[in-house]
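Trainee: Right, I'll just put the structure down here and ask away after.
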Amino acid sequence: MEQKRKIVPPVYLLLTLAAMTGLNYLLPIAQFTYDPYTTYAGIALIAVGVSIAVVAAGAFWRAGTPVIPFEKSTALVTGGLFRYTRNPMYLGMIVLLLGAGLTFGSVGSLLPVPLFAWIIVRNFIRGEENFLQEIFGDEYLKYKSKVRRWL
């Protein structure tokens, strides 16, 4: 059951960042105080989010299994960050977006983040879970019962 997606998650990430930027300038709801510590916290979250996603992608690379959603998986990665979340790459993207929202400094810029999470769950995670269950069967079900989708 190999499915191809025309738009991959990083494209949704970039579209969400663009929407956040636009909302920050066009609909600056509830501006945070321009405190440099908020900006530093945002930059730190961006760095943490990128790091999480890169480390998780590296685990796929080391296991010899594709990172692109719905390409046939050749290994079930359960170590490293995958011991704590079944979706560290997506989690990293959300952490990055939250950091960007803090850096922008307005509640309006954070509005697209829940939509991004919903799109990722609807368009990718649910299908990937079914896909992995078909490929790895009980091994995946056991993993799924022990490790949460997010945290």
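Trainee: Check W150: other-chain or 5+ apart residues with amide H under 5 Å from its amide H, H built from backbone geometry?
Mentor: R86
Trainee: Here is a further query. Around T78, with a cut-off of 12 angstrom between Cβ atoms, what is the net charge of the other residues, counting Lys and Arg +1 and Asp and Glu -1?
Mentor: +4
Trainee: So for the pair S51, R149, with labels modelled 7 Å out along Cα→Cβ, what separation do we get in nm?
Mentor: 2.7 nm
Trainee: Using heavy-atom solvent-accessible surface (probe 1.4 Å) with all chains present, what is the largest-first order of R122, R86, R148?
Mentor: Final ranking, largest accessible area leading: R148, R122, R86.
Trainee: So if I place +1 on the C-beta of Lys and Arg and -1 on the C-beta of Asp and Glu, and nothing else carries charge, what would the dipole magnitude of the chain be about its Cα centre? I want it in debye, nearest 20.
Mentor: Working: 14 positive and 8 negative charges, 57 e Å.
Taking the Cα centre of the chain as origin, the dipole is about 280 debye.
Trainee: Averaging over all projection directions, find the projected area of the Cα convex hull of the stretch 46-151 and quote it in nm² with one decimal place.
Mentor: Numbers: hull surface 25.7 nm².
For the Cα atoms of the stretch 46-151, the hull's average projected area reads 6.4 nm².
Trainee: Something else about it: Please calculate the 1.4 Å probe accessible area of I7, with all protein chains present, and give it to the nearest 10 Å².
Mentor: Accessible area of I7: about 70 Å².
Trainee: Equivalent ellipsoid semi-axes for the stretch 1-107, as square roots of 5 times the alpha carbon gyration tensor eigenvalues: give them largest first, rounded to whole Å.
Mentor: So the equivalent ellipsoid measures 31, 17, 8 Å along its semi-axes.
Trainee: Give me the aspartates and glutamates in straight-line cross-link reach of K72: C-alpha distance below 15 Å, same-chain residues under 8 apart excluded.
Mentor: By straight Cα distance, K72 reaches E2, E128, E129, E134.
Trainee: Divide by every residue of the chain the summed helix terms, -39500 (n - 2.57) for each DSSP H run of at least 4, and state the resulting mean residue ellipticity at 222 nm, rounded to the nearest 500 deg cm²/dmol.
Mentor: Working: 7 runs with 96 residues, N = 151.
When only DSSP H runs of four or more count, the value is -20500 deg cm²/dmol.
Trainee: Would you check the accessible area of T39, probe 1.4 Å, heavy atoms only, in square angstrom rounded to 10?
Mentor: Rounded to the nearest 10, the figure is 50 Å².
Trainee: Hand me the trypsin sites (Lys or Arg not before Pro) from the stretch 1-78 located in a DSSP loop with no more than 12 other Cβ atoms within 10 Å, in residue order please. Let's see the in-between values first.
Mentor: Details: sites: K4, R5, K6, R62, K72; in loops: K4, R5, K6, K72.
When the trypsin sites (Lys or Arg not before Pro) of the stretch 1-78 are filtered for loop state and at most 12 Cβ neighbours within 10 Å, K4, K6, K72 remain.
Trainee: Between the stretch 35-82 and the stretch 88-110, what's the alpha-carbon centroid distance in Å?
Mentor: Answer, in whole Å: 15.
The values are calculated or read from the model by the stated rules, or taken from the named source; none is laboratory data. From a predicted model like this one, the values you see are computed outputs, not experimental measurements. Counting neighbours? That spans all protein chains shown, and the Cβs are built from the backbone with ideal geometry, glycine included. Keep in mind that these areas ignore ligands, DNA and RNA; they rest on the heavy atoms of the full protein, side chains included. Shrake-Rupley method; radii C 1.70, N 1.55, O 1.52, S 1.80 Å.
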